[in-house]
């Protein structure tokens, strides 16, 4: 039986009186790839920030590994984040650091490794994302797709149990986007990482997801495989899939 490792329970969040989450309920099982789908302002990225404690819900619980993130103090949140990797939408590389230093950064922050072990870990993660030998390059020497893959190598450097992708294919050409999709699947297969993908890219959703959760007007209106969404009679789901809701 699949083990639930993340639970959102009746999560509510508003900004300046605007309700973004109005009772979010979602369980995520160990080792699955689940995508959060929805239009701009639907609260997809906010859920990720709440999951790692960068934002607090106004109401409700977020349980990760059996502990309530919404009630954690900063020291406990720091320990939680050691088990969570994140690929940011813009890759978020440090422009003044080499590829090696970018990937080594979380290793130095969170783990007690020798310099030799750090070099080995960085080389291993670059190999996993298909970028062996670029340790000395600077971010401005990389294409957009390469930056995404370096960001991904950094996200998995600490060998996390959970990885979060925030719009992983945004701004990429179709071939590069497909390479990122394949990497998401490959890393789950090789590393067993529980994966949450925030996106409005339907091709990404169809390619990588075991399940998809659709956010609309502050709630999750449906959860299931792509076939479930494609056959849905819910108007918000049908409109999104047909392109009537634009990002």
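Each value in this text was obtained by applying a stated rule to the coordinates, not by laboratory testing. Note that the structure is predicted; figures quoted are calculated from it, not measured. We place every Cβ from the backbone using ideal geometry, glycine too, and count neighbours over all the protein chains shown.
On a 0 to 90 degree scale, rounded to 10, what angle separates helix 174-191 from the longest Cα axis of the chain? Result, in degrees: 80. If you plug the beta carbon distance of residue 2 and residue 182 into 1/(1 + (r/R0)^6) with R0 = 22 Å, you get a FRET efficiency near 0.35. A Förster radius of 25 Å combined with the Cβ-Cβ distance from residue 12 to residue 74 puts the calculated FRET efficiency at roughly 0.65. Evaluated on region 94-159, the Kirkwood hydrodynamic radius is 11.5 Å, with distances taken between all distinct Cα atoms. If R0 equals 51 Å, the separation of the Cβ atoms of residue 217 and residue 137 corresponds to a calculated FRET efficiency of about 0.70.
Our estimate of slack between residue 190 and residue 82, defined as 0.36 nm per intervening residue step minus the Cα-Cα distance, is 36.9 nm. Neighbour counts of C-beta atoms inside 10 Å place 146, 138, 86 in the sequence 138, 146, 86, starting with the fewest.
Region 1-78 and region 212-228 have Cα centres lying 15 Å from one another. Over all Cα atoms in the chain, the spread is summed up by Rg and Dmax: 18.0, 56 Å.
Only alpha carbons enter this Debye calculation for region 23-81, each as an equal point scatterer, and the log10 of I(q)/I(0) it gives at q = 0.18, 0.20, 0.30 Å⁻¹ is -0.68, -0.83, -1.43.
Here region 116-247 carries DSSP beta bridges of which approximately 50% are antiparallel, counting only pairs with both residues inside.
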